Structure formats: C-alpha cells, structure tokens
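All remarks here apply to the structure that follows.
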Amino acid sequence: QGRTISGSAFYPAVWVNGRRIRRGVELSWMPGPFSLKSEAVDVREDRKGVGVRGNDLPDSISRAWYASGTWNVTGKKEAGGVELAFRYEQLRFGSAEHPGLPSRGNRAANILGNSDRVLTFGVNWYANRWVKIQANSIREKLEDKQLGRSPQPGRDLFWTHVVRVQLVM
C-alpha cells in the first residue's frame with residue numbers, strides 16, 4: 001500500500017503470490033561539508049493464481065528513487081551547527097502489463113497505477129551534542145487525485161511542515 005507523508009493511502013494493497021524480486025542501486029558522495037546521496041529500487045512481485053478465476057495476473061511493480069543533499073553551513077555537526085538539506089523522491093505503483101481497462105481492484109489484471117513525487121527542504125540545527133532539531137517543508141504531488149486516492153479529493157498537490165527533535169545517546 002502506498003501512503004503519503006501524512007499517512008493517507010494513495011495506492012491500495014494488491015494481492016500477490018509467488019516470488020518477489022528486488023533490485024536496487026545507491027550512490028553516496030560526501031566531500032567536506034557537502035553530501036549527495038541517491039538510490040533507486042525496482043520490485044516485481046508475482047501474482048500467481050490471484051485472479052478472480054484463480055488465474056495468474058501480470059506482476060505488480062513498485063518503483064522508487066530519491067536524490068538528496070546536505071550542506072553544513074557552519075562546517076560542524078556540534079553545538080551551534082546549521083545544516084541545509086533537500087530531497088526529491090518518487091514512489092510509483094502499477095502492473096507489468098496492461099491488458100484491458102485499468103481498475104482499482106486488488107485482483108485487476110491492469111492495475112490503475114499511481115505515484116507520489118515528494119520534494120523536501122529542511123534545516124537542521126545542532127543545539128548541543130545530544131540534541132538535533134530538524135524543520136522540514138514537504139511538497140507532495142500525486143499522479144492521480146481521484147476520490148479515495150488522495151488525502152483531499154480533487155487535489156493532487158499538498159504541503160506538510162514537520163519539526164522534529166532528535167536525541168542522541
């Protein structure tokens with residue numbers, strides 16, 4: 001099941017049966033006060049015998065990727081340190097083949113796909129060696145804004161703001 005940052009479902013769970021193949025690649029580069037990271041994942045899941053008549057259905061496909069970066073403005077991750085961050089990502093669901101009309105049903109041969117693209121901007125402040133405060137503004141855009149596939153029916157663009165306190169032991 002695909003969920004937005006706020007926890008609302010934008011893609012239903014579908015029935016799968018059989019093997020799951022997950023492939024991924026990641027990249028990390030951290031020169032000095034900067035960091036760049038990226039990852040891509042492709043998951044294919046068999047749907048053997050889960051059709052209405054017990055027939056096999058085309059594989060369920062889930063794909064995700066992200067690219068993120070940080071810049072430690074003050075050059076330190078200790079008391080008083082400030083870090084700027086960004087992240088751009090996508091999570092997409094659908095089916096491998098597309099026989100017939102797309103449907104939202106969890107036994108559909110052609111699953112009506114959906115994706116969530118998320119852009120995050122953040123600031124991290126290291127209050128002291130035990131406390132890090134993070135503030136993020138998050139923009140989400142759904143591919144399909146139909147009723148039941150969007151937190152706010154008819155809307156496909158959302159902003160969420162989050163403040164988090166992280167304790168380090």
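The values are calculated or read from the model by the stated rules, or taken from the named source; none is laboratory data. All values reported here derive from a predicted model rather than from experimental measurement. Cβ coordinates were reconstructed from backbone atoms using ideal geometry, including for glycine residues, and neighbour counts include every protein chain displayed. Accessible surface areas use protein heavy atoms only, side chains included; no ligands, DNA or RNA. Shrake-Rupley method; radii C 1.70, N 1.55, O 1.52, S 1.80 Å.
Can you find a residue in the stretch 139-154 that is modelled with pLDDT of 90 or more, more than 18 Å from the chain's Cα centre (by Cα) and part of a strand (DSSP E or B)?
No, the conditions are met nowhere in the stretch 139-154.
Quick one: is TYR66 open to solvent by 20 Å² or more (accessible area, probe 1.4 Å) and at pLDDT 95 or above?
Here the answer is yes, as TYR66 does meet what is asked.
Quick check on the stretch 106-137: of everything there that is under 21 Å from the mean Cα position of the chain (by Cα) and part of a loop (DSSP other than H, G, I, E, B), which residue is surrounded by the fewest Cβ atoms within 10 Å (Cβ to Cβ)?
This residue is ASN106.
Among the residues of the stretch 72-99, count how many are open to solvent by 50 Å² or more (accessible area, probe 1.4 Å), at pLDDT 95 or above, under 26 Å from GLY24 (Cβ atoms) and not charged (D, E, K, R).
Qualifying residue count, the stretch 72-99: 3.
Would you pick out the residues in the stretch 100-122 that are among the small types (Gly, Ala, Ser), closer than 21 Å to LEU157 by Cα and modelled with pLDDT under 95?
Listed by number, the residues that qualify are GLY113, SER115.
Look through the stretch 1-54, keep the residues that are basic (Lys, Arg) and open to solvent by 80 Å² or more (accessible area, probe 1.4 Å), and return whichever of them is nearest to GLN90 (Cα to Cα).
Among those that are basic (Lys, Arg) and open to solvent by 80 Å² or more (accessible area, probe 1.4 Å), it is ARG3.
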